[in-house]
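Asks: Structure below; questions to follow.
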Amino acid sequence: MDMTVLLVVVLAAISAGAVAWGVLFNRLETDKRIETRVQRVKAAETDRMQVKASRDRVAELTKRRKNVQDSLKELERKQAEKNAREASVNLKTRLVQAGLSIEPRQFYIFSAVAGAVGFFLPFLFGFGLLVSLGSAIVFGAGLPRFVLNFLLKRRQKKFLEEFPNALDVMVRSIKSGLPLNDSLRLIASDGQEPVKSEFRRAVESQKMGLSVAESCARISLTMPLQEVNFFSIVIAIQAQAGGNLSEALGNLSRVLRERKKMRSKVSALSMEAKASAAIIGALPFIVTLLVYMTSPDYIMVLFTDTRGHIILGVSGVWMSFGILMMRNMINFDI
């Protein structure tokens, strides 16, 4: 092939390519600009959607935080009202809290019988009228209420020992798919006393039309403990604001166990002070008994003479002040 013809063909191909590029350049540039603009619009739309989602998320968190704050304020108001009611709690409520199935009338009858026994017993042994009256007041007014407070504290202690286990059962029940109502019924039927009876009251109150949060809050009426208040607050917040109930109850169970450990540790550390207080409080009675056993005529002047009665009364008042002072010094609230 002639070299001239080859060069003409090459130049013709280059010229055709140049003409095609010149014709299609604007169209290619336009398509490129359109594609770039579309990508920018898509990116802007994506950013706008992300901003909107972020705003919605912030608004939802703000709304939920406001709901939680409102719930806490409402719970604080109800707690203040409940504390005011507990300050003036009647005898019937205390009997229910202690787990006793007697009426206040029967309690007053028992107090009257104990007071009569406390009056006639010293009187038969030859003590004076003042000592008999003092013994009647102690046996009639002090002893029954002491027994009632002892039973109440013992029942509350048993409740605190079993309550974390009941919460663990509720956590496992909720994680397995059971609703909260069925978890409460499970504790009310298979739990340990006194948790079983308290949860049974809550379940029965739901049959009367109360909500789950209200029925759980009513447990604190018969079991006035901070741990029960924590439980009712968790249920109330979950009912109003939502959230992971099983995780919240699990955290509450762990907190209650830590409080129990701390209470046991404080009790062990204060046991020496309590023993010292018990020894100091018992010394006057022990010394009086020993003196009466060795020299009865020497000590009987306090019980037969009027001046001895005055000394015993003043000593009893000051002894009571000292015992109350030591009690406040060695009792710690956790």
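Asks: Any idea which of (1) more than 15 Å from the chain's Cα centre (by Cα); (2) surrounded by 15 or more Cβ atoms within 10 Å (Cβ to Cβ); (3) acidic (Asp, Glu) is the one Glu227 doesn't satisfy?
Replies: The single condition Glu227 does not satisfy is (1).
Asks: So the check is Cβ under 7 Å with 6+ separation or different chains; which pairs have a first residue in the range 291-309 that's touching a residue at least 40 places away in the same chain (Cβ under 8 Å) and a second one that's of a type in the set (A, V, I, L, M) and assigned to a helix (DSSP H, G or I)?
Replies: Cβ pairs passing all conditions: Phe303/Val131; His309/Leu130.
Asks: Would you mind telling me which numbered condition in (1) more than 25 Å from the chain's Cα centre (by Cα); (2) closer than 30 Å to Lys260 by Cα Gly140 fails?
Replies: Evaluating Gly140 over (1) more than 25 Å from the chain's Cα centre (by Cα); (2) closer than 30 Å to Lys260 by Cα leaves (2) as the failure.
Asks: Given (1) open to solvent by less than 60 Å² (accessible area, probe 1.4 Å); (2) among the hydrophobic types (A, V, I, L, M, F, W, C); (3) closer than 30 Å to Arg259 by Cβ; (4) touching a residue at least 24 places away in the same chain (Cβ under 8 Å), where does Ala275 come up short, assuming only one miss?
Replies: (4)
Asks: Sticking with this one: Looking only at the range 156-168, which residues are open to solvent by 10 Å² or more (accessible area, probe 1.4 Å) and in contact with an Asp or Glu (Cβ under 9 Å, 6 or more places away or on another chain)?
Replies: Pass one, the range 156-168, residues open to solvent by 10 Å² or more (accessible area, probe 1.4 Å): 156-158, 160-162, 165, 168.
Hits for the range 156-168 are Lys158, Leu160, Glu162.
Asks: Residues of the range 160-187 being more than 19 Å from the chain's Cα centre (by Cα) and not in a loop (DSSP other than H, G, I, E, B), which ones? Spell out the reasoning first.
Replies: As a first pass, look at the range 160-187 and keep what is more than 19 Å from the chain's Cα centre (by Cα): 172-179, 181-182, 185-186.
Across the range 160-187, the qualifying residues are Arg172, Ser173, Ile174, Lys175, Asn181, Asp182, Arg185, Leu186.
Asks: Test each condition in (1) over 20 Å from Arg172 (Cβ atoms); (2) modelled with pLDDT under 80 for Gln238 and report the one that comes out false.
Replies: (1)
Asks: Pick from the range 191-213 the residues that are within 19 Å of the chain's Cα centre (by Cα) and of a type in the set (D, E, K, R): which of them is least open to solvent (accessible area, probe 1.4 Å)?
Replies: Going through the qualifying residues, I end up with Glu198.
Asks: Can you name the residue in the range 169-182 that is over 14 Å from Glu204 (Cα atoms) and without any contact (Cβ under 8 Å) to a residue 24 or more places away in the chain and is also surrounded by the most Cβ atoms within 10 Å (Cβ to Cβ) among such residues? Before the answer, list the steps.
Replies: Initial filter on the range 169-182 (over 14 Å from Glu204 (Cα atoms)): 169-180.
Still in the list and also without any contact (Cβ under 8 Å) to a residue 24 or more places away in the chain: 169, 172-173, 176-179.
Details: Val169: 18, Arg172: 14, Ser173: 20, Ser176: 9, Gly177: 7, Leu178: 15, Pro179: 12.
Ranking the candidates gives Ser173 first.
Asks: Restricting attention to the range 246-261, does a residue exist that is out of contact with any strand residue (DSSP E or B) (no Cβ under 7 Å at 6 or more places or on another chain), over 30 Å from Ile174 (Cα atoms) and open to solvent by 60 Å² or more (accessible area, probe 1.4 Å)?
Replies: First, the residues of the range 246-261 that are out of contact with any strand residue (DSSP E or B) (no Cβ under 7 Å at 6 or more places or on another chain): 246-261.
Still in the list and also over 30 Å from Ile174 (Cα atoms): none.
Looking through the range 246-261, none of the residues is out of contact with any strand residue (DSSP E or B) (no Cβ under 7 Å at 6 or more places or on another chain), over 30 Å from Ile174 (Cα atoms) and open to solvent by 60 Å² or more (accessible area, probe 1.4 Å).
The values are calculated or read from the model by the stated rules, or taken from the named source; none is laboratory data. Since we're looking at a predicted model, the values are computed, not measured. As a convention, Cβ positions derive from the backbone with ideal geometry for all residues, glycine included, and neighbour counts pool all protein chains shown. What goes into the accessible areas is simple: the full protein's heavy atoms, side chains included, and nothing from ligands, DNA or RNA. Shrake-Rupley method; radii C 1.70, N 1.55, O 1.52, S 1.80 Å.
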